[in-house]
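Chemist: I have a structure I would like to understand better, so I am pasting it below and will then ask my questions one at a time.
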Amino acid sequence: MNKINVGISFLYMATFLYGVRYISGAMGVISSTEWSDEVFAEHMLFIPDGLMIATVITLILGIVFFVWGLVDNFKKN
């Protein structure tokens, strides 16, 4: 698997993890009797920070591998 494909895979993972964060918050709001922005923000506090850290790390890795693959392709040509 070349570096560009690995970078794209990491970018897909970062997108998935980012979406999971908000889906988890929305699942918490479903169980409450009141729906509002404040309730959603309150439920977002229960989601661990590690999920956002993992999202940022995979995003950075995806960008690095993607750019690294592009630079290698330009050097070969």
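Each reported figure results from applying straightforward, stated rules to the coordinates on display, with no laboratory input. Just so you know, these numbers come straight off a predicted model, no measurement behind them. All Cβ positions, glycine included, derive from the backbone under ideal geometry; neighbour counts span all protein chains shown.
Chemist: When ranked by the protection proxy of mean other Cβ atoms within 10 Å per residue, highest first, what sequence do the peptides 9-16, 42-49 form? Could the numbers behind the result be given before it?
Modeler: Working: 9-16: 15.9, 42-49: 12.1.
Peptide ranking by packing, descending: 9-16, 42-49.
Chemist: In nm, to one decimal, how far is the Tyr22 label point from the Val71 one, both placed 7 Å along Cα→Cβ?
Modeler: Output for this residue pair reads 3.2 nm.
Chemist: Report the net charge of residues surrounding Phe40, where surrounding means a beta-carbon distance below 13 angstrom and charges are Lys +1, Arg +1, Asp -1, Glu -1.
Modeler: -3
Chemist: What's log10 of I(q)/I(0) for the chain at q = 0.17, 0.22, 0.28 Å⁻¹, Debye sum over Cα points only, no solvent?
Modeler: Results for the chain at q = 0.17, 0.22, 0.28 Å⁻¹ read -0.68, -0.89, -1.13.
Chemist: Can you work out the Karplus-derived ³J(HN,Hα) for every residue in segment 43-56? Use 6.51 cos²θ - 1.76 cosθ + 1.60 with θ = phi - 60°, whole Hz, and x for glycine or proline.
Modeler: 6, 5, 5, 7, 7, x, 5, x, 5, 5, 5, 5, 4, 5
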